[in-house]
Amino acid sequence: MIEKSVIYKFVSFFDGAESVALLCHVNPDSDTLGSALSLRLALKKLGKRCDVYCDDNPPERLMFLPSVKVVNECEGDKFKKYDVCVAVDCNDPDRFNVAGKYFKNAKKTLVIDHHKTNRNFADFTVCDANAGATAEIMTDVISCLSENAKRDLFDKEIATLLFSAIVGDTGAFSFDNTTKNTLEVAGKLLAYGVDSHFIIYTMMKSQTEGRYKLKARAMNNTRFFDDGQIGIMTFKTTDFSETGTSTAFTDGIINELIDVASVKVAFAVSEVGDKYYKVSIRTKAPYDASAIAVTFGGGGHERAAGCRLSGYYEDVVDKLLKSARDEI
C-alpha cells in the first residue's frame, strides 16, 4: 500500500485548481473508466470543473457504468488548458494518444496507476504495482478528499464505478493480484449499496451473440506449442466482420486460454490493420507477462500485459514464441 502522506500530496494538487482533465488510456477498460469517472464525481462535488477524455469511446459492455456518457462530451469545447491533468491507469504517455494534448498543455500533471512498467512521466506520480486495480488507490484518494472536505464524498455511483473497476482488473477477485487490501476496499464500497451480483454478471458472464461466435472461432483455431506450454489464439479482421464485432469484444477471451492446465504463457493476437497486430499476454506464476511485453515496446502487469507488433502474421507468431520461450 502507498503511504498516506503520498496520497495527501497527490490530493494537494487539486487545492486551488478550478479545472481538471482526466485522461483514460486507449481501448478503455473498467479500471481506467471507473477510476476516472469516480474522481470526476468527487471533484465536481467540490465545485471543480472536471472533464474526462479518451481516444476511444467506452465499449458497449461498460455502458452500464454510472455517468459513462460524459466521456469526451467536452471534446468540441474551446476550453483547452486545464489547471491539472491526471492520467488515470496509464503507464506511458503513448497510451492516451491524441488526448495527450490536454496533458501537454496543463499547468500541472499527475499520474495515478498500478502498472509495474510505469514510466513516471508527470509532475507527480502515485503508482502501486501491488494494487489489484488503480481503483484501489483511487478509493484512498477520494477518502483523503473526503477528510479534507470534512464530509463523505462517496455515494452509490462512485462506489459502483470503483467496485466495477476492481472486478474488471481482478477477474471478479479470481486473479492472483487480489490481495487482502483489495477485498477490504471492495467491502467498504459494498456498504454504499453497490449491486455486486449485477456488476459481476454483466462484466464477467453476459455477452452478445456476436461475441459468443467470435470466442468460438478463436478457441477453435487456437494453436499450442512446446507440449502445450504456449498457446496462441488469433482474431482476424474477417472474424470481426463476419460476427459483427470488433477488437473491443476480445476483452477477457484470452482467460479461456490461460486457464488450460498446461499453458504457462497465452497470447491473443488481434489483426487491427494491414500487417499490424494488437497482442494481449497472460501468464501463470512465476512467468512475467510484462517482461515479454516490454521486449516489443509494450507494458503491463506480471500476469497481464500487452503490446503491438507489425509484420507478416507468421513472423509475428515466431517473435512471440521466442519471447515466451525466453521467459519460460
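Here are the numbers for this structure:
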quantity: Relative exposure of 60, 314, judged by other C-beta atoms within 10 Å (fewest first); calculated: 314, 60
quantity: Length gained when the stretch residue 180-residue 49 is fully extended (0.36 nm per residue, less Cα-Cα span); calculated: 43.7 nm
quantity: Estimated distance in nm for a label pair at residue 15 and residue 129, the labels positioned 7 Å out from Cα along Cα-to-Cβ; calculated: 3.2 nm
quantity: Derived scalar couplings ³J(HN,Hα) [the stretch 236-242; Karplus, 6.51 cos²θ - 1.76 cosθ + 1.60; whole Hz; x for Gly, Pro]; calculated: 8, 4, 5, 5, 5, 5, 7
quantity: Fully extended contour minus Cα-Cα distance, from residue 121 to residue 275, at 0.36 nm per residue; calculated: 52.4 nm
quantity: Structure-derived percent of Cα pairs over 34 Å apart: which label, when the choices are [x] 31; [y] 22; [z] 25; calculated: [y]
quantity: Estimated distance in nm for a label pair at residue 220 and residue 318, the labels positioned 7 Å out from Cα along Cα-to-Cβ; calculated: 2.9 nm
quantity: Cβ charges +1 (Lys, Arg) and -1 (Asp, Glu), total dipole of the stretch 4-204, debye; calculated: 680 debye
quantity: Estimated dipole of the stretch 183-328 in Debye, rounded to 20 [Cβ of Lys and Arg +1, of Asp and Glu -1, Cα centre]; calculated: 120 debye
quantity: Share, in percent, of DSSP beta bridges within the chain that are antiparallel, nearest 5; calculated: 45 percent
quantity: Karplus-derived HN-Hα couplings along the stretch 294-310 (A = 6.51, B = -1.76, C = 1.60, θ = phi - 60°), whole Hz, x at Gly and Pro; calculated: 4, 4, 10, x, x, x, x, 10, 4, 9, 9, 8, x, 6, 10, 10, 10
quantity: Peptides 259-272, 135-148 ordered by average Cβ neighbours within 10 Å, highest first; calculated: 135-148, 259-272
quantity: Between the stretch 2-33 and the stretch 68-121, the alpha-carbon center distance in angstrom; calculated: 9 Å
quantity: Normalised contact order of the stretch 210-327, rounded percent, pairs of Cα under 8 Å and 6 or more residues apart; calculated: 19 percent
quantity: Full-stretch length increase - residue 310, residue 242 - with 0.36 nm per residue and alpha-carbon distance subtracted; calculated: 22.1 nm
quantity: Order of 215, 45 under a 10 Å beta carbon neighbour criterion, fewest first; calculated: 45, 215
quantity: Residue (of 59, 232, 88) at the positive-pole extreme of the chain, dipole from beta-carbon charges; calculated: 88
quantity: 0 to 90° range, to nearest 10: angle between helix 313-327 axis and the chain longest Cα axis; calculated: 70 degrees
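Bear in mind that the values in this text are calculations on the coordinates, not laboratory data. Since the structure is predicted, the reported quantities are computational estimates derived from the model, not experimental observations. With ideal geometry, Cβ positions are generated from the backbone for all residues, glycine too; neighbour counts draw on all protein chains shown.
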